[in-house]
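Beneath this line is the structure, given in structure tokens, with notes to follow.
The values are calculated or read from the model by the stated rules, or taken from the named source; none is laboratory data. Given the structure is predicted, the values throughout are model-derived calculations rather than measurements. All Cβ positions, glycine included, derive from the backbone under ideal geometry; neighbour counts span all protein chains shown.
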Amino acid sequence: MENVLNKLIEENKYLTKYGKVADYIPALSNANSDDIGICIMDIKGNVYSSGEYIKKFTIQSISKVIALMLAILDKGKNEVFQRVGMEPTDEPFNSFYKLELHEEGKPSNPMINAGAIVTTSLIEGKGNEKFTRLLNLIRDITGDENISYNKEVYMSEKSTSNRNRAMAYLLKEKGLIEGDVEEVLDVYFKQCSIEINCIHLAKIGTFFANKCRTLNGDTHYPEGIANIIVAIMTTCGMYDFSGQYAVEVGIPSKSGVAGGILGVVPNKYGIGVYGPSLDKYGNSIVGYGILKGLSKELGLSIFA
Ligand code: GLN
């Protein structure tokens, strides 16, 4: 397996030249655009990795998966999906799409920013308590108590994110988010700044591949949640590239703008890939190439 991973990195590394590291959150622009890492873990816990798989980066939009899980645990599926849709969109991740409508104007899905700000607001707890609960859930899933957030990235996003701020106030005006807007935004910026590596992502992937069971088997969450998460990742996880990605890769995935991609192969594998050079959709350009190759090599498409 490790030979396959090494080969995929070699074959795809030219792609980094065709992408660009995100700089709209200034602190993200410090990333090394040549970095590539991958980790794949089966549901028994066997791990295979290559490249910069230990290097830490911020989770960014991959946290939307965890926020969705926690919102459903706290409020139930019906209440969550009354406020955010389940439909994919061909609009970019930071779109205001449909929010301008008076009726039926809710975010299309929980994987775009507007939808994720809603799900974050639905997490139980006051202010920072929401964040602590989300962080603890990630620590529990990965079995790593040391996971924390990157304060520089958090401050960088908090001080520049006028678009998310405008979106959150509009969502509040529409009655779609609970609580104080600035408090919700603060949790959202912090959750995006949580630092992980490819191994952590592979563990999160294995957790969902294994119907919400942690590797040591100690912690169980309702397994129905995995179905919802995996379905939403498949249809919406790569933003307005999700359709082509399903055709070419076929692995339920979620990307983040720092360059991470989380992959879930139900009943088989969890995958974490890192490469901060991004395509025009905001997905890791080399991550896409590697996952496409990996899917072909190991026959991982859920549609095959
Ligand atoms: N923190 C980022 C933002 O809200 C997350 C976006 C992403 O990863 N695509 O803009």
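Out of the residues in region 161-200 that are of a type in the set (S, T, N, Q) and either at pLDDT 95 or above or not in a loop (DSSP other than H, G, I, E, B) (or both), which is nearest to the ligand (Cβ to nearest atom)? Ranking the qualifying residues of region 161-200, first place goes to Asn164. Checking the stated criteria, Glu152 turns out not to satisfy the condition of being at negative phi, within 14 Å of the ligand (Cβ to nearest atom) and not in a helix (DSSP H, G or I). With a cut-off of at least 1 residues that are within 21 Å of Gly287 (Cβ to Cβ) and away from the ligand (no atom under 16 Å from the Cβ), name the helices (runs of 4 or more DSSP H) lying wholly within region 1-102. Ranges flagged: 2-12.
If you check Arg133, Arg139 for being more than 13 Å from the ligand (Cβ to nearest atom), in contact with a Gly (Cβ under 9 Å, 6 or more places away or on another chain) and within 23 Å of Lys203 (Cα to Cα), only one passes: Arg133. Taking the numbered list (1) assigned to a loop (DSSP other than H, G, I, E, B); (2) surrounded by 19 or more Cβ atoms within 10 Å (Cβ to Cβ) in turn, Lys211 passes all entries but (2).
Table: residues versus (1) buried (at least 16 other Cβ atoms within 10 Å of the Cβ); (2) without any contact (Cβ under 8 Å) to a residue 12 or more places away in the chain; (3) among the polar types (S, T, N, Q); (4) in contact with a helix residue (DSSP H, G or I) (Cβ under 8 Å, 6 or more places away or on another chain).
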position: Glu10; (1), (2), (3), (4): no, yes, no, no
position: Ile36; (1), (2), (3), (4): yes, no, no, yes
position: Gly45; (1), (2), (3), (4): no, no, no, yes
position: Ser50; (1), (2), (3), (4): yes, no, yes, yes
position: Ile54; (1), (2), (3), (4): no, no, no, yes
position: Met69; (1), (2), (3), (4): yes, no, no, yes
position: Asn109; (1), (2), (3), (4): yes, no, yes, yes
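Cβ-Cβ distances below 9 Å connect the following pairs, each with a first residue in region 81-94 that is of a type in the set (S, T, N, Q), a second residue that is surrounded by fewer than 18 Cβ atoms within 10 Å (Cβ to Cβ) and not in a loop (DSSP other than H, G, I, E, B), and a separation of six or more residues or different chains: Asn94/Arg163.
Got a sec? Which of Ile141, Ile147 is part of a loop (DSSP other than H, G, I, E, B), under 18 Å from the mean Cα position of the chain (by Cα) and under 15 Å from Ser63 (Cβ atoms)?
On the way: Ile141 fails: part of a loop (DSSP other than H, G, I, E, B).
Of the residues listed, the single one that is part of a loop (DSSP other than H, G, I, E, B), under 18 Å from the mean Cα position of the chain (by Cα) and under 15 Å from Ser63 (Cβ atoms) is Ile147.
Restricting attention to region 120-130, and to residues there that are away from the ligand (no atom under 13 Å from the Cβ) and part of a helix (DSSP H, G or I), which single residue is surrounded by the most Cβ atoms within 10 Å (Cβ to Cβ)? Per the stated criteria, the residue is Lys130.
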